[in-house]
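Down below is the structure, laid out as structure tokens.
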Amino acid sequence: MATDRDRRLRMLEAARLYFVCEGLPGGRDPGPVLEAALRGGADIVQLREKAPRCAEELVSLADSFRHAAAEHGALFILNDRPDLVAACGADGVHVGQQDMAVAEARELAGPEALIGLSTHSPEQVEAASAAAHDHRPDQISVGPVWATPTKQGRPGTGLGLIEYAAREATIPWFAIGGISPQNASSVVAAGAQRIVVVRAIRDADDPEAAARSLRESLEAGAGVGR
């Protein structure tokens, strides 16, 4: 019998566009921008709060993300807090290289949850791909391709890391960092089949049109790979 994890893994494998947003973008209800992103073609939404929030606040902020994802048949991922995956009704969690080990995140989030991991170098992509069992993430983000305010202090990796991941990664991966409708085609040309964006949708005059444009760039890429 298929489990929740099996279903989530199938959705992850098919996912192409991943939208990350804070709980109150610009101090506003996230519902409209989440709905627009999902209508435009996003497959995953992530709640990422960089400002300190207590558990009760995060659980409350998660409501809009969980409902929007469920309405559109998308995945809902929580950032950095595997201990709150169940309470938030999330499908999984994303952690950074310095946050905690994948196995620890998996233990906290539960066996059905998806675990994502940030990677910023060929060595980190290789390590994630080579990991086994509970130490192996279900997906990785690769970048930031270009320097971005959402990753302050981290220089852009350039398209070379995307080309490396396209050749070497054995795990579903998403290019991230400064990607927009204007440059998405160059990321796809470098080998990306999946992308993560924040500002490109959140700050767009027409978030749904921005999401659709990004999706079209991805679908224009040759083939469907990891």
For the stretch 95-226: relative contact order, % (alpha-carbon pairs under 8 angstrom, 6 or more apart) = 19
Once every DSSP H run of n ≥ 4 in the chain is given -39500 (n - 2.57) and the sum is divided by its residues, what mean residue ellipticity at 222 nm do you get, rounded to the nearest 500 deg cm²/dmol?
-> -12000 deg cm²/dmol
Using a Gaussian network model of the chain whose springs link C-alpha atoms within less than 10 Å, name the residue from LEU117, LEU159, LEU24 with the highest mean-square fluctuation.
-> LEU24
Ranked by GNM mean-square fluctuation in the chain (Cα springs under 10 Å), the top entry among ARG28, ARG48, ARG106 is ARG28
Using only the Cα atoms, what convex hull volume per residue in Å³ does the stretch 67-139 have?
-> 87
Label the stretch 1-84 by shape, choosing from rounded, prolate and oblate, from the square roots a ≥ b ≥ c of the eigenvalues of the Cα gyration tensor; if a/c is under 1.5 it is rounded, and otherwise prolate applies when a/b is larger than b/c, oblate when it is not.
-> oblate
Can you give the relative contact order of the stretch 40-102 as a percent, counting alpha carbon pairs under 8 Å and 6+ residues apart?
-> 33
Overall dimensions of the stretch 123-226 as given by Cα atoms, namely Rg and Dmax in Å | 13.7, 43
Would you mind working out the accessible area per residue for the stretch 124-176, using a 1.4 Å probe, and quoting it in Å²?
-> 46
Cα pair count fraction exceeding 17 Å, expressed as % - the stretch 98-149 | 36
Can you tell me the relative contact order of the chain? Whole percent, Cα pairs under 8 Å, sequence separation 6 or more.
-> 20
Please compute the Cα-Cα pair-distance distribution of the stretch 44-98 with 10 Å bins starting at 0, giving whole percents from short to long.
-> 27, 58, 14, 0
Candidates PRO82, PRO144, PRO25; GNM for the chain (alpha-carbon contacts under 10 Å) flags as most fluctuating PRO25
The stretch 8-35 versus the stretch 152-222: alpha-carbon centroid distance in Å = 15
Percent carbon-and-sulfur accessible area, the chain, ignoring ligands, DNA and RNA, probe 1.4 Å | 50
With the Cα gyration tensor of the chain giving a ≥ b ≥ c as the square roots of its eigenvalues, does the rule (a/c under 1.5 for rounded; else a/b larger than b/c for prolate; else oblate) give rounded, prolate or oblate?
-> rounded
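The values are calculated or read from the model by the stated rules, or taken from the named source; none is laboratory data. Every value quoted in this text rests on a predicted model; they were computed, and no experiment measured them. Ligands, DNA and RNA are stripped out before the accessible areas are found, and what is left, the full protein with its side chains, is counted by its heavy atoms. Shrake-Rupley method; radii C 1.70, N 1.55, O 1.52, S 1.80 Å.
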